[in-house]
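J.: Handing you this structure, nothing more for now.
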Amino acid sequence: MAYTVAHQTLNEWVQEVVDLCQPDAVHWCDGTVKEYDRLMAKMVAAGKATPLAKRPNSFLFRSSLSDVARVEEHTYISYPDQEQAGPTNNWIEPKRLKKTMLDLYQGCMRGRTMYVIPFSMGAVGSPMAKIGVEITDSAYVVCNMHIMTRVGTPVIKALGTEGEFIRCLHSVGAPLQPGEKDAIWPCATMENKYISHFPDENLVWSYGSGYGGNALLGKKCLALRIASVMARREGWMAEHMLILRLINPQGERYHICGAFPSACGKTNLSMLLPTIPGWRAECIGDDIAWLRIGPDGRLYAINPEAGFFGVAPGTSNESNPAAMGTLKENCIFTNCALTDNGDVWWEKHDNPAPAHAIDWRGQDWTPDSRQPAAHPNARFTAPAAQCPVISPDWEDPEGVPIDILIFGGRRTCVQPLIVEALDWDHGVFLGATAASETTAANIGHVGNLRRDPFAMKPFCGYNMADYFAHWFTMGDRLGDKRPHVFYVNWFQKNADGKWLWPGFGDNSRVLKWMCERVDGNADAQETPIGYMPSIDDLDLTGLDWPMDRIVESLAIDVKAFRAEIADIEQHLAQFGDRLPGRMIKQLQAYKRRLDGQPAQTAASKSLHTAR
Ligand code: OXD
Ligand code: MN
C-alpha cells in the first residue's frame with residue numbers, strides 16, 4: 001500500500017479491501033482543491049465529464065440509462081433477526097448477504113484506482129459530528145463527496161489513532177480487463193446492485209451503482225440509515241428533514257425542521273424567500289437533520305452535510321431563486337441536458353427550451369422530441385456555502401434550537417393546507433401516517449399514494465415500530481420544551497386541476513401562522529384532524545390569488561378522511577405487536593373524533609360563507 005495513517009484499524013481495513021477488490025492503485029484523499037481539480041481533469045480527458053463553458057468550474061455527467069436513481073428494491077437492512085429490520089425494509093440475513101456481496105467484490109476494482117475518503121458528517125470537531133471512511137473506485141464519487149461532506153486531512157487528524165469511524169465500502173461493480181476501455185458511466189446490471197447496511201457493525205456495503213444516494217455513502221446510508229440506529233442507541237434523532245431559520249420584522253428567530261419525502265419541495269422550502277414584508281429566512285440544511293437535546297432541555301439540530309444534492313428539473317428562479325444562485329459555479333450536474341452554448345438545461349427551467357440540445361441520454365434533442373431533455377431525477381451537487389440565503393450559523397457545531405417540526409407530502413386532494421397536531425403524541429401519529437404521491441427520486445411508479453412515515457420509509461435503519469417508540473420517548477424527555485408539530489400540504493388541486501395554494505415564497509404565510517402559534521398569538525379551530533387556521537388567521541397581505549381557492553385549501557372533507565381509516569389501519573397493522581400502545585390510542589382517538597363529526601366541519605363551513 002502506498003500510504004498509511006496512524007490509525008491501525010483503518011489501515012487494516014483498507015488493506016483488507018485491497019486484498020478483496022484488487023485495485024491497480026490506492027489513493028488516500030486529502031480533500032484539497034488540487035485533488036478535486038486533478039480528478040475532474042482526468043474524467044474530462046476520459047470523456048466522462050463535460051466542462052460547462054457558461055458556469056465556472058462546473059461539469060456535466062451522464063449516467064448509464066439504468067443507473068438514474070436510488071434503488072429501494074435493492075436496498076437492504078441486514079440484522080441476524082428480520083424483526084429488527086421490520087416490515088418496511090428489505091432484509092437478507094447478514095451471512096448470506098455478505099457471501100453474495102463478497103463474491104461480487106472479489107476483484108471488482110481490477111483496472112481501477114481505489115480511493116479512500118475520510119469524511120466527517122457535521123463540522124469537524126462538533127460534538128454531534130460522526131466520521132466515516134468511504135472506499136470507492138469512482139472518481140465521480142470522490143468529487144461529489146468533496147462537495148457533500150468534509151473530506152480529508154482534518155478528518156484523519158480528528159480520528160487520531162483510535163477514533164471511531166463508520167466503514168462505507170462502494171464499488172461501481174465494473175472491473176476492467178487489461179486494455180479494456182472504460183465505460184462513460186461504469187456500473188453493474190440491476191440484479192447485481194446491492195445497497196446494504198449492517199447496523200450492528202456500523203457498516204455499509206454498496207455495489208453496482210454510481211448514482212447519488214446509492215454511491216455517496218455519507219448521505220442516505222450513513223447520515224440516515226446507520227445514524228438512525230446510532231441515534232436511538234445514543235438518545236438523539238437522525239431525520240430526513242430540512243432546517244430553516246425564519247426571522248420576523250422584530251428580529252425574533254424561529255427554527256424549523258421539515259420532513260418531506262424525496263422530491264416534494266424540501267430544497268425549495270429550505271431556501272424560501274418569504275413574500276410577507278419584513279420577514280426573512282436563512283437556510284441551514286435542505287435534506288438531513290441530526291437532533292439532540294441540548295443542556296437547556298431544548299431540541300437542537302445540525303445539518304450533517306456540506307452541500308446540496310438537489311433535483312434539477314423544476315428548479316427555477318420562480319420556484320427557488322436561492323438554489324439558482326447557488327448553482328452559478330463549482331457545481332456537478334448529472335443527467336441534465338447540455339445546450340449548444342455550453343450550459344445545462346432542464347424541464348421547467350427559466351430559460352425557454354433550447355432549439356437544440358444534447359439530452360441526458362447523449363442524444364440530439366429538440367422541443368419536438370417526445371422524451372424530456374433532462375432525466376426527471378437529474379441532479380445538481382452544489383456547495384452549501386455558496387447558497388445566497390445560507391445562514392451565517394449553518395455550521396454552528398452546537399446546532400440551532402428547534403421550535404417547529406413539520407411533516408408533509410404531495411397530495412392532490414384530501415389533506416388540507418395546514419394542520420397543527422393536538423399534542424406531541426398526535427404529532428407522532430401524524431408523522432407515522434404521513435402519505436405522499438410517489439416521485440422520480442426512486443426507481444418505481446410515479447404518482448401512487450404511499451404511506452411514508454416521517455419521510456423515513458426508505459431511510460430508517462431499524463424496525464419502524466421501534467422508531468415510533470423512540471419519537472414518543474424523545475417527546476417525554478423534552479417535556480414542555482417540545483417543538484410544536486404541524487402537517488402541511490402545498491399540492492392540493494381543485495376539480496379543474498388548478499393549484500389551491502400558490503406555494504413557494506407564499507408558504508411563508510403558513511410558516512408565520514406556525515410561529516404565532518408557538519408564541520401563543522394566533523387563533524385556531526379544533527377539528528378532528530388537528531388545529532387549523534381559518535382564512536382570517538393567515539397573513540395574506542399583498543397576495544394576488546383567488547380567495548375561494550385558499551378557502552378550499554383549508555376545508556376538510558370528513559368523509560374522505562373516514563374513507564382513509566382502513567388504509568391507515570392496514571399500514572399500522574404491519575407492525576403487529578411491536579406497534580407502541582400509544583400509537584393505537586392515537587388511532588382510536590382519531591377515529592372517535594371523526595365519528596363524532598358531521599360531514600362538514602367548521603373549516604368547511606367557512607368555505608360556504610366565504611363563497
Ligand atoms: C435525496 C432523496 O436525494 O431523498 O435527498 O432521494
Ligand atoms: Mn432526501
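The values are calculated or read from the model by the stated rules, or taken from the named source; none is laboratory data. Predicted model only: the values in this text are computed from it and were never measured. Glycine gets a Cβ as well: all are built from the backbone with ideal geometry, and neighbour counts include every protein chain shown. Calculation scope for accessible area: heavy atoms of the full protein, side chains included, ligands and nucleic acids excluded. Shrake-Rupley method; radii C 1.70, N 1.55, O 1.52, S 1.80 Å.
J.: Once each part is reduced to its C-alpha centroid, what is the distance from the range 468-524 to the range 280-340 in angstrom?
T.: 20 Å
J.: Using a simple spin-label model with points 7 Å from Cα along the Cα→Cβ vector, what separation in nm is obtained for residue 15 and residue 95?
T.: 2.8 nm
J.: Separate question: Rounded, prolate or oblate, given the Cα gyration tensor of the range 308-386, with a/c below 1.5 counting as rounded?
T.: prolate
J.: Right, next: Which ³J(HN,Hα) values, rounded to whole Hz and listed in residue order, are derived for the range 35-48 from phi using the Karplus coefficients 6.51, -1.76 and 1.60 in 6.51 cos²θ - 1.76 cosθ + 1.60 with θ = phi - 60°, glycine and proline given as x?
T.: 4, 4, 5, 5, 5, 5, 4, 5, 6, 5, 4, 7, x, 8
J.: Another question, if that's okay. Give me the percent of DSSP beta bridges within the chain that run antiparallel, rounded to the nearest 5. Write down the numbers at each step before the final one.
T.: Working: 64 of 95 bridges.
Taking every DSSP beta bridge with both residues in the chain, the antiparallel ones total about 65 percent.
J.: Output the peptides 89-96, 462-469, 337-344 sorted from most to least packed, where packing is the average of other Cβ atoms within 10 Å over each peptide's residues. Spell out each step's value before the answer.
T.: On the way: 89-96: 15.4, 462-469: 21.8, 337-344: 19.1.
Peptide ranking by packing, descending: 462-469, 337-344, 89-96.
J.: Right, next: Tell me the net charge near residue 57. Cut-off is 12 Å between Cβ atoms, residue 57 excluded, with +1 for each Lys or Arg and -1 for each Asp or Glu. Don't skip to the answer; put the middle values down first.
T.: Values: positive: 54, 55, 328; negative: 37, 329.
Combined, the nearby Lys, Arg, Asp and Glu give +1.
J.: Moving on to the next point. log10 I(q)/I(0), Debye, Cα-only the chain, no solvent, q = 0.05, 0.06, 0.10 Å⁻¹?
T.: So the normalised log intensities are -0.21, -0.31, -0.87.
J.: Can you give me the long-range amide H partners of residue 486? Hydrogens built in the peptide plane at 1.01 Å from N, cutoff under 5 Å, separation of 5 or more residues or another chain.
T.: Hits under the 5 Å cutoff: 405, 406, 407, 421.
J.: On to the next question. Can you pick out the pairs among 219/266; 348/457; 481/591; 457/559 whose Cα atoms lie more than 20 Å from each other?
T.: Long pairs (Cα-Cα over 20 Å): 348/457; 481/591; 457/559.
J.: Can you tell me the orientation of helix 581-595 relative to the chain, as the angle in degrees between its alpha-carbon axis and the longest Cα principal axis, to the nearest 10?
T.: The answer is roughly 40 degrees.
J.: Right, something else. Structure shown: which of 95/585; 34/54; 42/328; 42/98 lie over 30 Å apart, alpha-carbon to alpha-carbon?
T.: Check vs 30 Å cut-off fails for 95/585; 42/98.
J.: While we're on this one: Ordering 246, 587 from largest to smallest accessible area (1.4 angstrom probe), what's the sequence?
T.: 587, 246
J.: Could you sort 264, 187 by their accessible area in this structure, using a 1.4 Å probe and putting the largest first?
T.: Sorted by accessible area, descending: 187, 264.
J.: If amide H atoms are built 1.01 Å from N in the plane of the peptide, which residues on other chains or at least 5 residues away come under 5 Å of the amide H of residue 206?
T.: Placed amide hydrogens put 169, 170, 171, 196 under 5 Å from residue 206.
J.: Same structure, new question: What is the set of long-range amide H partners of residue 418 at a cut-off below 5 Å, with H atoms built 1.01 Å from backbone N?
T.: Placed amide hydrogens put 489 under 5 Å from residue 418.
J.: Quote the relative contact order of the chain in percent (integer), defining contacts as alpha-carbon pairs under 8 Å separated by 6+ residues.
T.: Relative contact order for the chain comes out at 14 percent.
J.: Multiply the residue gap between residue 582 and residue 3 by 0.36 nm, knock off their C-alpha separation, and tell me the result in nm, one decimal place.
T.: 203.1 nm
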